[in-house]
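Have a look at the structure below before the remarks.
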Amino acid sequence: MSLAMSVYAPAPAAAPWTLAEVLGTASPLRFFSLGRWALREALRLAGAGPGRPVLFPEFFCREVLASAAVLDAPVAFYPV
C-alpha cells in the first residue's frame with residue numbers, strides 16, 4: 001500500500017518549480033494544452049498532409065483523428 005501511495009499521492013515539492021526550470025531555458029520544449037494538438041504538430045513535422053496518409057489502428061479514439069483532419073492528411077486504418 002505504501003508503494004501505491006508513493007506513486008499516486010507523492011509528497012509535495014519543497015518549493016514550486018516548472019519543467020522549463022528543470023530542463024533549462026535552451027531546451028527545445030513546446031507545451032500543448034491537449035495531446036491531440038501535440039500529435040498534430042508531430043504529424044506535421046513528420047510530413048503528414050494532403051496526399052500523405054497517416055496510419056492509425058482500427059480501434060482508436062475519434063478525437064485523435066482531428067489531428068490528421070486539421071492537416072488534410074488522409075487516414076488509413078490497420079487491423080489490430
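Derivation of every value follows stated rules applied to the coordinates shown; laboratory data play no part. Being a predicted model, the structure only gives us computed values, none of them experimental. Reconstructed Cβ throughout: ideal geometry from the backbone, glycine too, with neighbour counts over all protein chains shown.
Roughly how big is region 34-79's charge dipole about its Cα centre, with Cβ charges of +1 (Lys, Arg) and -1 (Asp, Glu), in debye to the nearest 20? Please list the in-between numbers first.
Values: 5 positive and 4 negative charges, 17 e Å.
Dipole about the Cα centre, nearest 20: 80 debye.
To test your reading of the geometry: what angle, between 0 and 90 degrees and rounded to tens, separates the Cα axis of helix 35-45 from the longest principal axis of the chain?
Helix 35-45 sits at roughly 60 degrees to that axis.
So if I place +1 on the C-beta of Lys and Arg and -1 on the C-beta of Asp and Glu, and nothing else carries charge, what would the dipole magnitude of the chain be about its Cα centre? I want it in debye, nearest 20.
Details: 6 positive and 5 negative charges, 27 e Å.
Taking the Cα centre of the chain as origin, the dipole is about 120 debye.
Could you grab the relative contact order for the chain? Cα pairs under 8 Å, six or more apart, rounded to a whole percent.
27
Restricted to Cα positions, what overall size does region 38-80 have along the principal axes? Three whole-Å values, descending.
For region 38-80, the Cα spread along each principal axis is 26, 20, 14 Å.
Here are some values of Rg and Dmax of the Cα atoms in Å: (i) 14.5, 44; (ii) 18.3, 52; (iii) 11.7, 36. Which one was computed from this structure?
Structure-derived value, by its label: (ii).
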